[in-house]
């Protein structure tokens with residue numbers, strides 16, 4: 001079950017770990033362009049399943065089959081390049097994700113609790129009930 005995150009962006013919860021503060025999802029993007037500028041206080045692991053993406057701040061491209069590690073504290077801007085119809089990446093995000101402006105000022109955040117809330121809202125709206133999310137919570 002894909003949960004809408006923003007326009008043309010969805011996530012599929014696999015594990016929402018409240019006790020340790022991390023979440024594991026598939027992220028799906030069906031548009032080219034900037035997804036978000038953000039930073040993490042803890043490391044993030046990812047594996048590209050379909051499509052490709054990159055960070056404006058780096059000279060590498062994450063393509064199908066690529067494993068990526070994002071070190072704690074680094075600010076980066078995820079973009080999906082033109083010509084990519086769909087990108088799907090497995091992510092394990094530890095801690096939180098802070099959305100920042102070009103000056104590094106925090107504009108918002110996501111953590112395991114905001115992900116759980118998004119899931120509850122979506123699952124209720126599609127008739128599955130809020131407790132449908134419970135199967136993903138650890």
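No value in this document is a laboratory result; all are computed from the given coordinates. A quick note: this is a predicted structure, and the numbers were derived from the prediction, not measured. Please note: Cβ atoms are built from the backbone with ideal geometry, for glycine as well, and neighbour counts cover all protein chains shown.
When the criteria are applied in full, residue 124 meets the requirement of being in contact with a helix residue (DSSP H, G or I) (Cβ under 6 Å, 6 or more places away or on another chain), on the phi < 0 side of the Ramachandran plot and not in a loop (DSSP other than H, G, I, E, B). Strands (runs of 3 or more DSSP E) fully within segment 63-102 that include at least 1 residues being surrounded by 16 or more Cβ atoms within 10 Å (Cβ to Cβ) and touching a residue at least 60 places away in the same chain (Cβ under 8 Å): 87-94, 97-100.
Quick grid of which residues meet (1) within 20 Å of residue 2 (Cα to Cα); (2) in contact with a strand residue (DSSP E or B) (Cβ under 9 Å, 6 or more places away or on another chain):
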site: 35; (1), (2): yes, yes
site: 49; (1), (2): yes, yes
site: 85; (1), (2): yes, no
site: 103; (1), (2): no, no
site: 125; (1), (2): yes, no
site: 133; (1), (2): yes, yes
site: 137; (1), (2): yes, yes
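Selection of segment 43-62 for residues being more than 23 Å from residue 21 (Cα to Cα), part of a strand (DSSP E or B) and touching a residue at least 24 places away in the same chain (Cβ under 8 Å) yields 49, 50, 52, 53, 54, 55, 62.
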